[in-house]
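Notes to accompany the following structure.
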Amino acid sequence: MMEFSTRQIFNDSHPELLKNIKFDCNVKLAYRQDPSNLHWITDDNGSSCICEHFPSEEKLANLKASYKNAFELIIIADDELTAQNINSLIYSARLLCYPDVNFTEHHLLEVSTSNQFIASGGNFSKEFKQGEISDRMILACLIASRASNKNLQYALEKYKYSLHLDWFTSHSASPMYGKKFYTDVRENTSHINSIYAFLCAYTIIEELGLDIRSSAKNPRFIRGTNEWNSVVLNDIVKRLNDVKISAEDTIPWLIRGEPSPMYDEIKPQFTNKAEWYNPDNNVFDLELTIYEAIHYCSYIRNYFIAHKTNDIVKYINPYDIHNMQDLARRLILSTLGVWDIMLDKVIKID
């Protein structure tokens, strides 16, 4: 088997847990101390610091006396293609832990080649420097292994691709910021990015088998009313229950600034206001059940963007994209059995 340097740097008090994470494709995970000496763990709680440049001998000695090296993730596989697929999957899983596409995804190097690079005094700042040290690497690797073993790799890849088209962090979604992002009509290029960011994330619902299944003969709602058809509702609730999402579980649906004309078109309209609803701060957020959110997303997909581009698409804004991506994220994490782990912050490796 071959060992590959990922240049994915992390801090964790129990990095040895990586060795217990199993992949069906004969891949093993390992770690080593960060060979660049650019990343340091500064206390027992995992706080970290990053050097701007490779430290001098004197500074390196001081760092080693005061701190611990961060770790680099190593992938052990039969061939480079398999290792690269797992590396990409782990990167996608890191985004599920916290969506921030500023994380750097490197192409793999064989450890022997990496060691030659180190010995030759290569440009460490370029090759190893991270925007920040990952503090969720064990969880990301667990997510990646479960996705690989359940054949859900493409769901994670789609999530990553959607974020690279249009995204913002969960922190920026806080209602304390009100309308942080521009929601008025943007240029046509932005419309296309929005369409494909939304569509790509929506297909994750289908990958997971959690789409709402209705038809002309078996409509989603009783004709002439806003009441769910019990056959359709019971079907989606059962499939959600199978991934440990209850009928009562909710998710925030962000609407910042006056609701756009798109919301006049969505039928039916759900009106359960979020507890932080505050028009004075441009926060018109709703709190939807998971199946209501799936309906909203499928309505936008089916009627506005899946076929000939509807003129209403110009009103889709960053918050609508975030809503779709956040729903996809919740469904993936629940399907992989890690949503509760993220809430409890306790990782157990089977």
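The values are calculated or read from the model by the stated rules, or taken from the named source; none is laboratory data. Values in this document were obtained by computation on a predicted structure and should not be read as measured data. Neighbour counts are summed over all protein chains in view; Cβ atoms, including those assigned to glycine, are modelled from backbone coordinates with ideal geometry.
The table below gives the values:
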{"item": "Filter result for residue 327 (hydrophobic (A, V, I, L, M, F, W, C), in contact with a strand residue (DSSP E or B) (Cβ under 9 Å, 6 or more places away or on another chain) and surrounded by 21 or more Cβ atoms within 10 Å (Cβ to Cβ))", "result": "yes"}
{"item": "Selection within the stretch 218-237 - farther than 16 Å from residue 297 by Cβ, at pLDDT 95 or above and assigned to a loop (DSSP other than H, G, I, E, B)", "result": "218, 219, 222, 227, 229"}
{"item": "In the stretch 138-186, the residues that are charged (D, E, K, R) and in contact with a Gly (Cβ under 6 Å, 6 or more places away or on another chain)", "result": "179"}
{"item": "Which listed residue is charged (D, E, K, R) and within 29 Å of residue 89 (Cβ to Cβ), from 301, 256", "result": "301"}
{"item": "Filtered residue count, the stretch 245-257, keeping only those that are in a loop (DSSP other than H, G, I, E, B) and either surrounded by 12 or more Cβ atoms within 10 Å (Cβ to Cβ) or at pLDDT below 95 (or both)", "result": "6"}
{"item": "Criterion: more than 28 Å from residue 101 (Cα to Cα) and touching an Asp or Glu at 6+ places or on another chain (Cβ under 9 Å) - qualifying residue of 263, 299, 277", "result": "277"}
{"item": "Cross-chain or 6+ apart pairs with Cβ under 9 Å, the stretch 218-232 first and over 14 Å from residue 269 (Cα atoms), then aromatic (Phe, Trp, Tyr)", "result": "222/228; 229/221; 232/221"}
{"item": "Scope the stretch 42-51; condition touching a residue at least 40 places away in the same chain (Cβ under 8 Å) and in contact with a Phe, Trp or Tyr (Cβ under 7 Å, 6 or more places away or on another chain); matching residues", "result": "48"}
{"item": "So residue 81, is it modelled with pLDDT of 95 or more, in a helix (DSSP H, G or I) and in contact with a helix residue (DSSP H, G or I) (Cβ under 8 Å, 6 or more places away or on another chain)", "result": "no"}
{"item": "Residue, surrounded by the most Cβ atoms within 10 Å (Cβ to Cβ), within the stretch 258-285, restricted to residues that are in a loop (DSSP other than H, G, I, E, B) and of a type in the set (Ser, Thr, Tyr)", "result": "260"}
{"item": "Residue in the stretch 253-299 that is nearest to residue 180 (Cα to Cα), counting only those that are of a type in the set (Ser, Thr, Tyr) and touching a helix residue (DSSP H, G or I) at 6+ places or on another chain (Cβ under 6 Å)", "result": "260"}
{"item": "In the stretch 86-128, the residues that are outside any helix (DSSP H, G or I), more than 30 Å from residue 330 (Cα to Cα) and out of contact with any strand residue (DSSP E or B) (no Cβ under 7 Å at 6 or more places or on another chain)", "result": "120, 121, 122, 123"}
{"item": "Given (1) crowded, with 16+ Cβ neighbours inside 10 Å; (2) outside the structural domain of residue 105 (by TED's automatic domain parsing), index of the condition residue 185 fails", "result": "(1)"}
